[in-house]
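I have placed the structure first, in the form of structure tokens, so that the comments after it can refer back to it.
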Amino acid sequence: MKPFITIKEIQSLLAKKEVSPQEVVSFFQARIKKYDHSLNSILESFDVDAQTINTACATNGPLSGIPYVLKDNISQHGRITSAGSNLLKNYRATYNATAHKRLQKAGGLSLGRANMDEFAMGGSGEFSAYGPTKNPWDTTRISGGSSSGPAAAVAAGLVPFALGTETGGSVRLPAAFTGLVGMYPTYGHNSRYGILAFASSTDQVGPLTKTVYDNALINSVLSGKDEHDSSSLQIEKKDYTKNLTGKLPQGLRIGILHDVAEHEGINEEIRRSFQESVKHLESLGATVKHVTMPHLKYGNAVYFVVSRVEAASNLSRYDGSLYGNRNKDAKTLQEMYLNTRHDKFGDEVKRRILTGNYALSSKNKGEYYNTATHVRNIIRAEFMEAFKEVDLIVSPTSPTMPFKIGEVVDDPIAMYLADYFLVPNCIAGTPALSLPCGLSQTGLPIGLQFMGPRLSEDLIYQAAYAFEQSTPFHTQTPANYE
Ligand code: GLN
């Protein structure tokens, strides 16, 4: 088997019996062993016995014998699920997340759990209690977060795909920074059951893959109603790979955001790649027009308030009494709660809990939260208006290149600004996909994102596939992982 092999290619080798399922598993386990020490993408890799492999293959499902890793906030029964936190370093999941269950039912095989920013709070992977994940394209740089480990592992070819989670960009940002395809589906498309919550009103599971086809395949497996998650949608199960023709849908109207061109702080090479990508889409037959969404610039502010408020509530359950790594020196119950949270949460998590509780405090009378919710509705309405004029909107995924490790870790505001193009659709609950659209002079991947209206996954995948298949960027791989 060759390095950086895709799911589709593995399936073809398995179907022709050119490799055995055991060989596939051993191939990736050997790559994890060989390369992960330089990346820190995998927190724990699992042994997989012959019987497990045979059972998986006997399902004859769409992922029969295909290995993967899961971000460490996706519950795997009996396994440690730490969410990248010291507070949960010894917590073992008591059940499987629905996403994991669906992959297993389709024949997939979990090879481990992957590194992440603590409780998915971060954009760089540097807020993991287990050290930063490095970018396979340049190991002095971050791989983006919070799904840093899943992205780096797929980008280095340690697994053919991984699941991350997104609340406000955490799949797409690392996808852009490591040259992968990453998708945030419509809110409710995928079940959140068994995902350690950050901000429940935007949290979603999303796949990280080498190609658009593979991504469409995984999201087809994940989708659909789950009785354990009341926010999951009653949608008809669809195979998104079926409509991937390589052609843009006839008459496709693509919107570009008015302020992309003027957006300060946007890296020049990213701006250029974006402009070339738009031209390319036109050459494939799309009509391109500008769309104006005046409230989009408040996306970050809205996300800031909403996500912190929800995080403060969601994380109140981690006080040492029920889960994980309790402080043992406390003399009273109150002290145990306080010490556990004080000692075991990292600074960024504490910062967010504090801001969230501050916004919720009676002194503020709900002012921040209510205003944020109000503007959130306006942004949602602006997306709906925009999607009357155009079918999809494209933008750069990130305004910046992956930072050097340590470069902005002490500057939370700079880090939050990297989410400019990523959070608006999350607060609107609408889908978006990032895929590679260029390579910088220094050899770092650049991402392009397609945003669509609610439940436009099929259309997004068709357009992204047409773009991918007519450009060379998905074939580029980082050096040193042969
Ligand atoms: N960068 C965002 C944040 O720090 C992304 C989080 C996420 O999507 N989980 O909140």
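The values are calculated or read from the model by the stated rules, or taken from the named source; none is laboratory data. This structure is a prediction, so every number in the text was calculated from the model and none was measured. Neighbour counts run over all protein chains shown; Cβ positions are idealised from the backbone, glycine included. Surface accessibility is based on the protein's heavy atoms, side chains included, excluding ligands, DNA and RNA. Shrake-Rupley method; radii C 1.70, N 1.55, O 1.52, S 1.80 Å.
For the range 287-394, count the residues as N, evaluate 2.2 N^0.38 Å, and divide the Cα radius of gyration by that value, please.
1.51
Label residue 12 and residue 363 with points 7 Å out from Cα along Cα→Cβ: what is the distance between them in nm?
6.3 nm
If the viscosity is 0.890 mPa s and the temperature 25 °C, what translational diffusion coefficient in µm²/s does Stokes-Einstein give for the chain when Rh comes from Kirkwood over Cα pairs?
Working: Rh = 22.2 Å.
Rounded to a whole number, D works out at 111 µm²/s.
Based on alpha-carbon centroids, what's the gap between the range 328-357 and the range 44-105 in Å, whole number please?
Result: 29 Å between the Cα centres.
Set the Förster radius R0 to 22 Å, insert the Cβ-Cβ distance between residue 411 and residue 297 as r into 1/(1 + (r/R0)^6), and round the FRET efficiency to 0.05.
Calculated transfer efficiency: 0.65.
Taking 0.36 nm per intervening residue step and subtracting the Cα-Cα distance, what contour gain separates residue 371 from residue 34 on full extension?
116.3 nm
On a 20 Å Cα-Cα criterion, which of the cross-link pairs 8/33; 297/404; 89/328; 2/210; 33/134 come out too long?
Going by Cα-Cα distance, 8/33; 297/404 fall outside the 20 Å limit.
Calculate for the chain the 222 nm mean residue ellipticity that helices alone would give, adding -39,500 (n - 2.57) per DSSP H run of length 4 or more and normalising by residue count, nearest 500 deg cm²/dmol.
Working: 15 runs with 173 residues, N = 482.
So the calculated ellipticity at 222 nm is -11000 deg cm²/dmol.
Would you please classify the overall shape of the range 1-147 from the alpha carbon gyration tensor, given that a ≥ b ≥ c denote the square roots of the eigenvalues, rounded means a/c under 1.5, and beyond that prolate means a/b larger than b/c while oblate covers the rest?
Oblate, because a/c is 1.5 or more while a/b does not exceed b/c.
Go ahead and run the numbers for FRET between residue 50 and residue 381, Cβ-Cβ distance against an R0 of 56 Å, rounding to 0.05.
Working from the Cβ atoms, E equals 0.55.
With each label point set 7 Å from Cα along the Cα-Cβ vector, what nm distance links residue 332 and residue 272?
About 6.4 nm separates the two model spin labels.
Please give the contour-minus-distance gain from residue 476 to residue 351: 0.36 nm per residue of separation, less the Cα-Cα distance, rounded to one decimal in nm. If you can, show how the numbers build up before the last one.
Numbers: separation 125, 0.36 × 125 = 45.00 nm, distance 3.83 nm.
Once the chain is fully extended between residue 476 and residue 351, it gains 41.2 nm.
Along the charge dipole of the chain, pointing to its positive end and built from +1/-1 on Cβ of Lys, Arg, Asp and Glu, which listed residue (64, 421, 402) has its Cα farthest out?
64
Averaged over all directions, how much area does the convex hull of the C-alpha atoms of the range 62-102 cover when projected, in nm²?
The orientation-averaged projected area of the Cα hull of the range 62-102 comes to 3.0 nm².
Give me the aspartates and glutamates in straight-line cross-link reach of residue 279: C-alpha distance below 16 Å, same-chain residues under 8 apart excluded.
In chain and number order, the partners are 269, 468.
Skip the ligands, DNA and RNA, and give the accessible area per residue of the range 21-147 with a 1.4 Å probe, whole Å².
Per-residue accessible area for the range 21-147 comes out at 35 Å².
Which of the trypsin sites (Lys or Arg not before Pro) found in the range 1-108 are loop residues per DSSP with 12 or fewer other Cβ atoms within 10 Å of their Cβ? Working shown, then result.
On the way: sites: 8, 16, 17, 31, 33, 34, 71, 79, 89, 92, 101, 102, 105; in loops: 16, 17, 79, 89.
Sparse-neighbourhood loop trypsin sites (Lys or Arg not before Pro): 16, 17.
Among the lysines, select those whose C-alpha is under 22 Å from the C-alpha of residue 331, and discard any that sit fewer than 8 residues away in the same chain.
344
So, with a 1.4 angstrom probe, what is the percent of accessible area on the chain that is carbon and sulfur? Can you show the working numbers first?
On the way: 9700 of 18680 Å².
Carbon with sulfur: 52 percent of the solvent-accessible area.
From the square roots a ≥ b ≥ c of the eigenvalues of the alpha-carbon gyration tensor of the range 352-406, which class results: rounded (a/c under 1.5), prolate (a/b over b/c), or oblate?
On the way: a/c = 5.90, a/b = 1.25, b/c = 4.73.
Since a/c reaches 1.5 but b/c is at least a/b, the shape of the range 352-406 is classed as oblate.
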